[in-house]
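Chemist: I am attaching a structure below and will ask some questions about it afterwards.
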Ligand code: 6PG
C-alpha cells in the first residue's frame, strides 16, 4: 500500500478530516460502509489532493503503507465497536487504529486494552471544531501510546489549527486521556453556552432590547477579555432574521436545548471523582429542564403572577451591560477552573500525568471553546504546574475580585425579578463557598453523627469522634 493514513466513515466529519489530510500532502485512503459516499468524495474533491478510494475494508487496509494508521470516524458506541471488530483481523502488529469520534473515555480505555493485547495501538482522539474545524484545522487531543504518537503526531500537528505558530495538538496522555479531555472540553462548552444564554436573557429582560441590539453588545464584548468563538457566533445568531416571518431567528426557534451526551458524561464522571463542576452540571440540567415542556406548561399556569418585578427596567444601561459582562467573565472563570480541576482528578485517578498548561495551549485555536483567555490559563499553569485552583492565579484572582460587585448585583437582580440564572448563581455560590472561612458542613457532620453515628472530626484534636446523642451526650473517640 502507498496511502500514509486512512479514514473510514465519510460522513461530514470524516470527509472533512480526509480532505484536510489531503490538503496537507498526505495520500489518504478513504472508505465508507456504503460506497456512494466514497465515490462522492472523490468526484467532488478528488482534485484537492491524493485520495485512494476503496469499496471494501480489505482493499482499504491493503492500500495503506505499514505500520498502518486508520482513522475511524463513525458514531460513538456500538457502530465504533463494529468497525473495530471488522478491522482487527485485517491489521498487523504495530498498526494504529484511531477513534476520532466523541467516544466515552471508559470505552476508549477498554478498546485500547483489547487492541494492545493483540499488538495493535488504539488511539482515542478528541477532535473539536465542528465541520469547519475538521476541514481547516481542528484542535486535536490524542490519547494512546507514546509510540503511536511518534507516527501520528507529525500528521496531526500539520492538520491542526495553529496559534502563534504552535499547533493545537498535543499527546494528552495514555489510553483514554484524549477522550477524557475532549469530554471535559464539551462540558465547558455547555457551561460557556449556558452562561452566554443567561447573559442574553438578562440583557433582553433588563433593557427590553431586541436580539439585534443584543447582538451589538456581544460584538463589543468580543473585543474584551471575553473574546472567543462562542461570543462571536452569538452575535451572528442573535443578529439573524428569519426569512419566513421577518422575526428574529431566536424567536422562532423552539426553546428546548438538546444534547448528544458529552455534557452528561462530564457530570457523571465528576460525581464519581468528587469534583464540584457546578457550572457544567447546571448547564446540563438547564438543557434537560428546557426540554420538559409539560412541566413547564403547568408551572407557567400555576405561577403566572410569581415574577418579582414584571416591569423591570434598567436605568443605567451602560452600567448594567458592564455588570452582566463582568458577571459572565467571572462565572466563565469558575467553569474553567472547575473543568481543569476535573482534568487533574482524572489524570490522578488513571495515572495519565496530563499537563494542564498543554491542554490550555491546544484549546486556544480550532475548538469550539477557543478563547483569548486560554493564553492566560496556559500562563497560569506554566508558572505554577500544581496550581490549587485557577481562581487564585494572579490574572484570574484579579479578574474575579474586580467582577465580584457586578456579579452580586446581577445575581441579586435576577433573583429579585425572577430571571432564571442557574449558572451565574451557582458559580457565585461556588466562589463564596470556596472562600468562606467556616462552612455549615460542620452542622451536616453533626446531623450525620446524630442519626447514624457516622462520626466527625474536631477542630482541636486528631481522630474521629462520636457523641451519644440518644444517651448522656458524652463524646468518645470513634
Ligand atoms: C466540538 C463539539 C462537537 C459536538 C457538540 C454538540 O468540539 O466540535 O463539541 O463535539 O458537535 O459538542 O454536542 P451536543 O449535541 O451534546 O450539544
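Chemist: So what is log10(I(q)/I(0)) for the stretch 172-213 at q = 0.26 1/Å, when the Debye sum runs over its Cα atoms only?
Modeler: Once normalised to I(0) and log-transformed, intensities are -0.83.
Chemist: To continue, here is another question. Among DSSP beta bridges whose residues both lie in the chain, state the antiparallel percentage, nearest 5. Before the final figure, lay out the partial values.
Modeler: Values: 14 of 34 bridges.
Taking every DSSP beta bridge with both residues in the chain, the antiparallel ones total about 40 percent.
Chemist: Something else about it: So for the stretch 324-401, what are the equivalent ellipsoid semi-axes in whole Å, largest first, each being the square root of 5 times an eigenvalue of the Cα gyration tensor?
Modeler: Numbers: eigenvalues 82, 40, 27 Å².
Gyration-tensor ellipsoid for the stretch 324-401: 20, 14, 12 Å.
Chemist: Now for a separate question. Within the stretch 7-33, whose backbone N sits under 19 Å from a point 7 Å along Cα→Cβ of residue 56?
Modeler: 7-9, 29-33
Chemist: Quick one: what Rg and Dmax do you get for the stretch 118-238 from the alpha carbons, in Å?
Modeler: In order Rg, Dmax, the Cα atoms of the stretch 118-238 give 18.4, 63 Å.
Chemist: Another question about this same structure. Would you mind calculating the relative contact order of the stretch 376-478 from Cα pairs under 8 angstrom and at least 6 residues apart, reporting the percent as a whole number? Each step should come with its number before you reach the end.
Modeler: Numbers: 67 pairs, mean separation 10.8, N = 103.
Reported relative contact order: 10 percent.
Chemist: What fraction of the DSSP beta bridges in the stretch 99-194 is antiparallel, stated in percent and rounded to the nearest 5?
Modeler: Working: 6 of 8 bridges.
Counting DSSP beta bridges with both partners in the stretch 99-194, the antiparallel share is about 75 percent.
Chemist: Using just the C-alpha positions of the stretch 184-236 as equal point scatterers, what log10 of I(q)/I(0) does the Debye formula give at each q in 0.14, 0.29 1/Å?
Modeler: The computed values of log10 I(q)/I(0) come out as -0.35, -1.18.
Chemist: For the stretch 229-309, report the % of Cα-Cα distances exceeding 16 Å.
Modeler: 70 percent
Chemist: Mind pulling the angle between the C-alpha long axis of helix 12-23 and the longest principal axis of the chain? Nearest 10 degrees, somewhere in 0 to 90.
Modeler: The answer is roughly 60 degrees.
Chemist: How tilted is helix 441-452 with respect to the longest principal axis of the chain? Cα atoms for both, answer in degrees (0 to 90, nearest 10).
Modeler: 90 degrees
Chemist: Also, quick follow-up: To test your reading of the geometry: what angle, between 0 and 90 degrees and rounded to tens, separates the Cα axis of helix 374-383 from the longest principal axis of the chain?
Modeler: It works out to around 80 degrees.
Chemist: To continue, here is another question. Can you give the percent of C-alpha pairs in the stretch 270-334 whose distance is more than 19 Å?
Modeler: Values: 1298 of 2080 pairs.
Counting pairs separated by more than 19 Å, the tail of P(r) holds 62 percent.
Chemist: Listed highest first by mean packing, meaning other Cβ atoms within 10 Å per residue, what order do 351-359, 92-100 come in?
Modeler: The densest-packed peptide leads the list: 92-100, 351-359.
Chemist: Give me the distance between the Cα centres of the stretch 43-87 and the stretch 267-332, rounded to whole Å.
Modeler: About 44 Å separates the Cα centre of the stretch 43-87 from the one of the stretch 267-332.
Chemist: With the radius of gyration and the Kirkwood radius both derived from the Cα set of the chain, what is their ratio Rg to Rh? Don't skip to the answer; put the middle values down first.
Modeler: Values: Rg = 25.4 Å, Rh = 24.7 Å.
My calculation of the ratio gives 1.03.
Chemist: Another one. I need the per residue convex hull volume for the stretch 66-131, using only the alpha carbons, in cubic angstrom as a whole number.
Modeler: Taking only Cα atoms, the stretch 66-131 has a hull volume of 79 Å³ per residue.
Chemist: Along its three principal axes, how long is the stretch 427-473 when you only count alpha carbons? Whole Å, largest extent first please.
Modeler: Computed over the stretch 427-473, the largest-to-smallest principal extents equal 41, 22, 14 Å.
Every read-out reported here was derived from the displayed coordinates using simple, explicitly stated rules and does not represent laboratory data. In this text the structure is predicted, and so the values were computed from the model without any measurement. Don't worry about glycine lacking a Cβ; one is built from the backbone with ideal geometry, like all the others, and counts go over all protein chains shown.
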